[in-house]
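Here is the structure we will look at, set down as structure tokens.
What follows is calculated from the coordinates using simple rules that are stated; it is not laboratory data. Given the structure is predicted, the values throughout are model-derived calculations rather than measurements. Note that each Cβ is placed from the backbone with ideal geometry, even for glycine, and that neighbours are counted across all protein chains shown.
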Amino acid sequence: MDFTLPESALAVQRGIADICARYDLDYWQRCETEKRWPEEVWAELAKGGWLGLAVPEEYGGGGQGLLELAVATETLSASGSAGGSAFTYVLTPGFGALTLARHGSPRQRGELLPKLATGELETCFALTEPDAGSNALGISTFARRDGEEFVVKGQKVWITGVQRATWMLLVTRTIPAAEAKPRSNGLTVLLVNVPEAVAAGRLTFQPIPKMGANTTPSNTVFIDELRVPAANVVGEVDQGARVLWDILNPERILLAASALGGAEVALRVAVQYAKEREVFGRPIGANQAIAFPLAQVKAKIELARLMLYKAAWLFDRQRPCGTEANIAKLTASQAAWEAADHAFQTYGGMAYSLEYPVARLLADARIGRVAPVTEELLLNHLATQVLGLPRSF
Ligand SMILES: Cc1cc2nc3c(=O)[nH]c(=O)nc-3n(C[C@H](O)[C@H](O)[C@H](O)COP(=O)(O)OP(=O)(O)OC[C@H]3O[C@@H](n4cnc5c(N)ncnc54)[C@H](O)[C@@H]3O)c2cc1C
């Protein structure tokens, strides 16, 4: 068994790290405080061709898979952006490019993938609703067929990146949840042109004030009698679950990668501070109460990374990867939280000052334990699907 990353992934690591070396922790802190998209990094990622990493070569992309995308996300996050800002990278290169490369019609692939590869177009993903988060199959946003169009009505919440997206991957019901057998039947994924829908007054959105991850706004979205051409269905009508699993598994893997990067940066700053800060005439890192939790975090990071790369490797081979994606997401998010929490303790009172990066890292790390899927739902999957225990719901 060979655990070395392939040269393709190592090249991604070097390329992204080269760009990120020009942007320090203060840069990311400023983006967060000013609530602004990291335009400078984004422009460099686009120029270097990194936004099209997973777009097939025939459409002008890098032709790489989820493993390389995960390595790119982890490297970006570990450079200092941490999970909150690395999410920017998941929205288009992840949701848009990966999904359309695998499930887009020839026309969708031909028209959109080349522009996603250059960054000319961006995407967002809209699944969650006020009454359907963990219970994703319970969504009620409905797409009614009317000739060669669908007419959509519903509400979404937490939809991140709507402001910049030209296209939204909108998950709708074409059979109401109560009538669908099995419940995963009757879902349809639509490509919605956001600026056109906004201009027609059929889609409006409202940013949600957030405790962190403010480089990328999240929104409540209202959709009212929006007409979408039937040609904009991704995959098949009523069979959207197949597309959805191929969005949700990569999402878990990429957000595990971004959480892992967040854990790495938190551990790095904590270790540095523990070496430099002297109390009672010696570095605080000499105290095992400070050192052991950081050592434990290091072990958890290494373990989570193994599962992350395995899950991505499986996805790239079109093999079942749900359980591995879930374990990667669970363990990476927990590592990120523990890293940020122990970094906080290591910094003492200074952690509370926004002049240091720890408060931002802590707020970022907390997201991973509830989104895009909560820890409890991941554990439910492992308990029922893997261990065969009875379902609680
Ligand atoms: C910053 C951020 C960005 C996001 N971006 C997007 C996006 O771009 N697109 C999108 O579609 N969504 C997005 N989301 C939404 C996210 O996917 C949901 O918040 C998440 O799926 C959880 O759903 P919920 O918030 O409705 O929690 P709920 O489903 O209401 O759960 C509340 C609590 O109850 C627990 N719970 C529920 N059922 C059970 C059970 N059976 N057993 C044990 N515990 C249970 C949950 O684990 C959780 O702790 C984002 C969320 C955040 C915070």
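For the chain, the longest principal axis of the Cα atoms and the long axis of helix 66-76 meet at an angle of about 50 degrees. When shorter helices are ignored and each DSSP H run of at least 4 residues is given -39500 (n - 2.57), the per-residue value for the chain at 222 nm works out to -15000 deg cm²/dmol.
Averaging the sequence gap over all C-alpha pairs within less than 8 Å and six or more residues apart, then dividing by the number of residues, gives the range 124-240 a relative contact order of 31 percent. Helix 7-20 and the long axis of the chain differ in direction by around 70°, with both axes built from C-alpha atoms. Think of the range 244-386 as having a plus end and a minus end, set by charges on the Cβ of Lys, Arg, Asp and Glu; of Phe292, Gly261, Met350, Phe292 sits farthest toward the positive end of this dipole. Just how far, in whole angstrom, is the range 268-295 from the range 197-249 if you go by their alpha carbon centroids? Rounded to whole Å, the Cα centres lie 46 Å apart.
Hey, if you put +1 on the Cβ of every Lys and Arg and -1 on every Asp and Glu Cβ in the range 7-122, which of Thr99, Thr33, Tyr89 ends up farthest toward the positive end of that dipole? Of the listed residues, the answer is Thr99. With both labels modelled 7 Å from their Cα along Cα-to-Cβ, the Ala21 to Glu278 distance reads 3.2 nm.
Treat the range 161-228 as a sphere of radius equal to its Kirkwood radius over Cα pairs and apply Stokes-Einstein at 20 °C in a medium of 1.002 mPa s; give the translational diffusion coefficient in µm²/s, rounded to a whole number. It diffuses with D of about 158 µm²/s by this estimate. For Phe142, neighbours were defined as the other residues whose beta-carbon sits under 13 Å from its Cβ, and their charges (Lys and Arg +1, Asp and Glu -1) total -1. GNM on the chain, alpha-carbon springs under 10 angstrom: the most fluctuating residue among Ala289, Ala132, Ala97 is Ala289.
Close amide-amide hydrogen proximity is noted between Cys124 and Trp167, Met168, Leu169, each under 5 Å apart and 5 or more residues distant or on a separate chain (H modeled in the peptide plane; Pro and chain starts excluded). Running Debye on the chain with equal point scatterers at the Cα sites and no solvent, what base-10 log of I(q)/I(0) appears at q = 0.07, 0.11, 0.14 Å⁻¹? Evaluating at q = 0.07, 0.11, 0.14 Å⁻¹ gives log10 I(q)/I(0) of -0.31, -0.77, -1.23.
Among Thr323, Thr160, Thr346, the largest mean-square fluctuation in a Gaussian network model of the chain (Cα springs under 10 Å) belongs to Thr323. Across the range 82-197, the fraction of Cα-Cα pairs farther apart than 17 Å, rounded to a whole number, is 58%. For Asn185, nonlocal amide neighbours, meaning residues 5 or more places apart or on other chains whose placed amide H falls under 5 Å from its own, do not occur. Exposure proxy ranking for Ser134, Ser392, based on other Cβ atoms within 10 angstrom of each Cβ and starting from the fewest, stands as Ser392, Ser134.
Sequentially through the range 277-293, phi angles give Karplus couplings (6.51, -1.76, 1.60; θ = phi - 60°) of 6, 10, 9, 6, x, 8, x, 4, x, 6, 7, 5, 4, 8, 6, 5, x Hz, Gly and Pro residues having no value and appearing as x. Listing His342, His381 from fewest to most neighbouring C-beta atoms within 10 Å gives His381, His342.
A simple charge model with +1 on the Cβ of Lys and Arg, -1 on the Cβ of Asp and Glu and nothing else charged puts the dipole of the chain at about 640 debye relative to its Cα centre. In terms of its C-alpha gyration tensor, the range 244-386 comes out prolate, because a/c is 1.5 or above and the ratio a/b outweighs b/c. Our summary gives the range 7-122 a relative contact order of 30 percent, counting only alpha carbon pairs under 8 angstrom and 6 or more residues apart. Each 5 Å bin, from zero up to the one with the longest distance, holds this percent of the alpha carbon pairs of the range 132-265: 2, 10, 18, 22, 20, 14, 8, 4, 2, 0, 0. Largest first, the extents of the alpha carbon coordinates of the range 7-122 on the three principal axes equal 43, 32, 20 Å. Packing order of peptides 192-200, 175-183, 265-273, highest average first: 265-273, 192-200, 175-183 (average count of other Cβ atoms within 10 Å over each peptide's residues). Counting only the Cα atoms, the range 86-130 fills a convex hull of 80 Å³ per residue.
For the cross-link pairs Lys153/Lys181; Lys210/Lys275; Lys210/Lys329; Lys47/Lys115, which exceed 24 Å when the distance is taken from alpha carbon to alpha carbon? Those over the limit are Lys210/Lys275.
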